[in-house]
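Novice: Just passing along the structure, written as structure tokens.
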Amino acid sequence: MRDYSKLLNWQEEPMSGIIEEPGSSVHYHTGSWRSYRPVWDSEKCIQCFRCWAYCPDASILAEDGKITGIDLDHCKGCGICAKECPAKPAAIEMVLESDAREKDREAAGKDS
Amino acid sequence: MAEKIALTGNEAGALAFKHINPDVVGVYPITPQTELMHDVAKYVHDGDMDTELVTVESEHSAMSVCVGSSAGGARTMTATCGQGLALMWEIIYIASSYRLPIVMPVVNRALSAPINIHCDHSDSMGARDSGWIQLFCEDSQEIYDNMIMAIKIAENKDVLLPVMVCFDGFIISHTMQVLEVLDRETVSKFIGEYKPAYSVLDLDKPITVGGLDLPPFYFEHKRQQVEGMKKAEEVIDKVTKEYGELTGRNYGFYNGHQLEDAEIALVAMGSAAGTAKAAVDIARENGIKVGLMEPRVFRPFPEEKFASALENAKLTCVFDRSISFGNKGPLAIEIKSMAYDYELDVPIVNAIYGLGGRDITVEDFTGHINKLAEICKSGDIEHEPAYIGLRE
């Protein structure tokens, strides 16, 4: 894996920005663009895998045939998973990212 | 191997397609290019080419087909003109930026509006910053020859840039001329087997083409394109010489006519250069020391070559078949820029002609040469372009 934090001169850069390592986008975190965050509730999830199939990225995490959560490093917050979730009540809820971060900070503050 | 035949410009272009026998062509018709691709389609239908001919719904798609197929490692060509090139706009930049050596005749046509199907150079001049190499042709012979050379120039590993082979709509595309052509075997030996720099279909070396190139990286990739263009100048020279050895037809970066001792130098590209040559000969008989520089290579702009061709003139007049609105003709702008860098002590004037297919005649040229001779005497330089053949 190329270390993208080390910047190369134009003579050394791969031609035209062609990416020579398959799957390298895993290492590039794009979750910070998000305005809304999907919040997944394992207890409401009926394991239908619709969210996994519809996610236009690959941000629905699954292990051993079970949905296990959402990859927030790459989820861009499009909301398709929440829209497609057939569970009643819905297992995925979209919340404002700013609110979610506020909650994260509060939780972190309590822990320390 | 060599054979003399009579072909229109479009037919000569189509025959070059046949002899090159590319893997893929993306096809969409537009006047006056239509006959060219029509002939290519006939060759494919008759089994004279092994090419995968992909018909699409627009030029945007035609160039998209070319980008996809070339990125997949296939030798790829198309052809277009005028509005078609305008509609390709987004994708021509993508082709050059991904260093895809696509070769495309551009049968020069005026841009709308008002709609006009006849010749001027606004289409390819508009694309002069797109990262494509641009060669201009005067006749059927040059079309055939430049297309074959274009493949070898584009695919050179130090270049890897697409090439537009430009020639005047109707005036050349639909006029029959005698030319000497090669055969498939000779051409395929000359251009050699295509070895792509990369392929998205190479399963042993998977790559991503089309990833986001953010501020820390994009600038470097643009600088690489600059280098490709710089190298192209050397490669054009080398390939042109090799082609000269094969055919006996020796081209340069420009074609000079009575230029060595010329006091008045004309600069003109495309079919008008042929007309200008006849006018130069007449003016010479009348004692005016005039000559012509006819650029064949416009991108990369071979500054040093043009500078040495024009350094002895006392007055240079650049003829443009298009306008950079708000400035002068694009060829004049670039010749002037070159003259500053090379410290040419020569006034340069501009003449705009032939927009929307208006004819320029030998008399138009001789009349303007007489005016230039007067300017030479009076030293009265007009910086505004002259408009030849305009009612005013």
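Any read-out appearing in this document is the output of simple, stated calculations on the displayed coordinates, not a laboratory observation. Computed from a prediction, not measured in an experiment: that's the story for all the values here. Cβ atoms come from the backbone with ideal geometry, glycine included; neighbour counts cover every protein chain shown.
Novice: Mind giving me the FRET efficiency for B:Tyr387 and A:Glu93? R0 is 45 Å, r the Cβ-Cβ distance, nearest 0.05 is fine.
Specialist: E between B:Tyr387 and A:Glu93, to the nearest 0.05, is 0.05.
Novice: Label B:Asp129 and A:Val26 with points 7 Å out from Cα along Cα→Cβ: what is the distance between them in nm?
Specialist: 4.2
Novice: By the gyration tensor of its Cα atoms, with a ≥ b ≥ c the square roots of the eigenvalues, what is the shape of region B:1-80: rounded for a/c under 1.5, prolate for a/b over b/c, or oblate? Present the calculation step by step, with values, prior to reporting the outcome.
Specialist: On the way: a/c = 2.11, a/b = 1.41, b/c = 1.50.
The shape class here is oblate.
Novice: Next question. Using DSSP to define loop residues, name the GluC sites (Glu not before Pro) in region A:6-112 whose beta-carbon has at most 11 other beta-carbon atoms within 10 Å.
Specialist: Answer by residue number: A:Glu12, A:Glu43.
Novice: Work out, step by step, the length gained on full extension between B:Ala113 and B:Glu245: first 0.36 nm times the residue separation, then minus their alpha carbon distance; give nm to one decimal.
Specialist: Values: separation 132, 0.36 × 132 = 47.52 nm, distance 4.49 nm.
Once the chain is fully extended between B:Ala113 and B:Glu245, it gains 43.0 nm.
Novice: Identify which of B:Asn370, B:Asn108, B:Asn146 has the largest mean-square fluctuation in a Gaussian network model of chain B, with springs joining Cα atoms closer than 10 Å.
Specialist: Maximum fluctuation in the GNM of chain B, among the listed residues, is at B:Asn370.
Novice: Only bridges whose two residues both fall in the protein assembly as shown count here: according to DSSP, what percent of them are antiparallel, nearest 5? Spell out each step's value before the answer.
Specialist: Values: 21 of 55 bridges.
In the protein assembly as shown, approximately 40 percent of DSSP beta bridges are antiparallel ones.
Novice: Would you mind ranking B:Phe319, B:Phe219, B:Phe301 so that the residue whose beta carbon has the fewest other beta carbons within 10 Å leads the list?
Specialist: Values: B:Phe319 27, B:Phe219 11, B:Phe301 19.
The order, fewest Cβ neighbours first, is B:Phe219, B:Phe301, B:Phe319.
Novice: Within 10 Å of each residue's Cβ, count the other Cβ atoms and sort B:Thr34, A:Thr30, B:Thr8 from fewest upward.
Specialist: A:Thr30, B:Thr34, B:Thr8
Novice: Separate question: First check a/c for region B:52-207, with a ≥ b ≥ c the square roots of the eigenvalues of its C-alpha gyration tensor; if it is under 1.5, answer rounded, and if not, answer prolate when a/b is larger than b/c or oblate otherwise. Please report the intermediate quantities before stating the final value.
Specialist: Values: a/c = 2.06, a/b = 1.26, b/c = 1.63.
It is oblate, given that a/c is not under 1.5 and a/b is not larger than b/c.
Novice: Where the only charges are on Cβ atoms (+1 Lys, Arg; -1 Asp, Glu), what is the dipole of chain B about its Cα centre, to the nearest 20 debye? Numbers along the way, then the final one.
Specialist: Details: 34 positive and 58 negative charges, 71 e Å.
With Lys and Arg at +1 and Asp and Glu at -1, about 340 debye.
Novice: Among the GluC sites (Glu not before Pro) within region B:12-87, which fall in a DSSP loop and have no more than 10 other Cβ atoms within 10 Å of their own Cβ? Walk me through the intermediate numbers first.
Specialist: Details: sites: B:Glu35, B:Glu52, B:Glu57, B:Glu59; in loops: B:Glu57.
Filter output for region B:12-87: B:Glu57.
Novice: Compute the angle between helix A:97-111 and the longest alpha-carbon principal axis of chain A, please, reported from 0 to 90 degrees and rounded to the nearest 10.
Specialist: Between the helix axis and the principal axis of chain A, the angle is about 80 degrees.
Novice: In degrees from 0 to 90, rounded to the nearest 10, what is the angle of the helix B:9-20 Cα long axis to the longest principal axis of chain B?
Specialist: In chain B, helix B:9-20 runs at an angle near 40 degrees to the longest axis.
Novice: Let me know the charge dipole size of region B:255-388 about its Cα centre in debye, to the nearest 20, where only the beta-carbon of Lys, Arg (+1) and Asp, Glu (-1) is charged. If you can, show how the numbers build up before the last one.
Specialist: Details: 13 positive and 21 negative charges, 69 e Å.
Result for region B:255-388 is approximately 340 debye, rounded to the nearest 20.
Novice: In whole Å, what is the distance between the alpha-carbon centres of region B:125-141 and region B:151-215?
Specialist: About 14 Å separates the Cα centre of region B:125-141 from the one of region B:151-215.
Novice: Continuing with the same structure: Choose one answer from B:Glu334, B:Glu343, B:Glu155: the residue with the largest mean-square fluctuation in a GNM of chain B with alpha-carbon springs under 10 Å.
Specialist: B:Glu343
Novice: Nearest 10 degrees is fine. How inclined is helix B:218-247 to the longest principal axis of chain B, computing both from alpha carbons?
Specialist: Value to nearest ten degrees: 80.
Novice: Could I have the simple spin-label model distance between B:Asp281 and A:Ala58, label points 7 Å from Cα toward Cβ, reported in nm to one decimal?
Specialist: Distance between label points: 6.9 nm.
Novice: When chain B is modelled as a GNM with alpha-carbon springs shorter than 10 Å, which of B:Pro215, B:Pro101, B:Pro32 fluctuates the most?
Specialist: Residue with maximal mean-square fluctuation among B:Pro215, B:Pro101, B:Pro32: B:Pro215.
Novice: Would region B:26-73 count as rounded, prolate or oblate if I go by the C-alpha gyration tensor, calling it rounded below 1.5 in a/c and otherwise prolate when a/b exceeds b/c, oblate otherwise?
Specialist: Numbers: a/c = 2.64, a/b = 1.15, b/c = 2.29.
In terms of gyration-tensor shape, oblate.
Novice: Could you please state, rounded to a whole Å, how far the C-alpha centre of region B:65-113 is from the C-alpha centre of region A:9-52?
Specialist: 32
Novice: Next up: Between B:Tyr218 and B:Thr175, what is the label-to-label distance in nm when each label sits 7 Å out along the Cα-to-Cβ direction?
Specialist: So the label points at B:Tyr218 and B:Thr175 sit 4.4 nm apart.
Novice: Within 10 Å of each Cβ of B:359-371, how many other protein chain Cβ atoms are there on average? Mind showing how you got there, number by number?
Specialist: Numbers: counts 0, 0, 0, 0, 0, 0, 0, 0, 0, 0, 0, 0, 0.
What the average comes to for B:359-371 is 0.
Novice: Lysines near B:Lys152 by alpha-carbon distance under 22 Å, same-chain residues fewer than 8 away left out - which ones?
Specialist: List returned: B:Lys18, B:Lys189, B:Lys195, B:Lys230, B:Lys231, B:Lys238, B:Lys241, B:Lys305.
Novice: Give me the percent of DSSP beta bridges within chain B that run antiparallel, rounded to the nearest 5. Present the calculation step by step, with values, prior to reporting the outcome.
Specialist: Details: 11 of 45 bridges.
Counting DSSP beta bridges with both partners in chain B, the antiparallel share is about 25 percent.
Novice: Which net charge results when you count Lys and Arg as +1 and Asp and Glu as -1 among the other residues whose beta-carbon is under 10 Å from that of B:Val159? Don't skip to the end; give the middle numbers.
Specialist: Values: positive: B:Arg99, B:Lys152, B:Lys157, B:Lys230, B:Lys231; negative: B:Glu155, B:Asp158, B:Glu227, B:Glu233, B:Glu234.
That works out to 0.
Novice: How much length would be gained if the chain were fully extended between A:Lys44 and A:Leu7, taking 0.36 nm per residue of separation minus their Cα-Cα distance, in nm to one decimal?
Specialist: Values: separation 37, 0.36 × 37 = 13.32 nm, distance 4.54 nm.
Using 0.36 nm per residue and subtracting the Cα-Cα distance, I get 8.8 nm.
Novice: Right, here's the next one. Based on other C-beta atoms within 10 Å, arrange B:Val267, B:Val65 from fewest to most.
Specialist: Details: B:Val267 27, B:Val65 22.
Least crowded to most crowded, the residues run B:Val65, B:Val267.
Novice: Only Lys, Arg, Asp and Glu count, each charged at its Cβ (+1, +1, -1, -1), so figure out the dipole size of the protein assembly as shown about its Cα centre, rounded to 20 debye. Numbers along the way, then the final one.
Specialist: Numbers: 48 positive and 78 negative charges, 150 e Å.
I would put it at about 720 debye.
Novice: Please compute the length gained on full extension between B:Asp202 and B:Ala307, using 0.36 nm multiplied by the number of residues separating them and subtracting their Cα-Cα distance. Please list the in-between numbers first.
Specialist: On the way: separation 105, 0.36 × 105 = 37.80 nm, distance 4.49 nm.
Between B:Asp202 and B:Ala307, full extension yields an extra 33.3 nm.
Novice: Also, quick follow-up: Compute the signed sum of charges (Lys and Arg +1, Asp and Glu -1) over the other residues within less than 10 Å, Cβ to Cβ, of B:Glu303. Don't skip to the end; give the middle numbers.
Specialist: Working: positive: B:Lys305; negative: B:Glu233, B:Glu304, B:Glu334, B:Asp341.
Overall, the nearby charge balance is -3.
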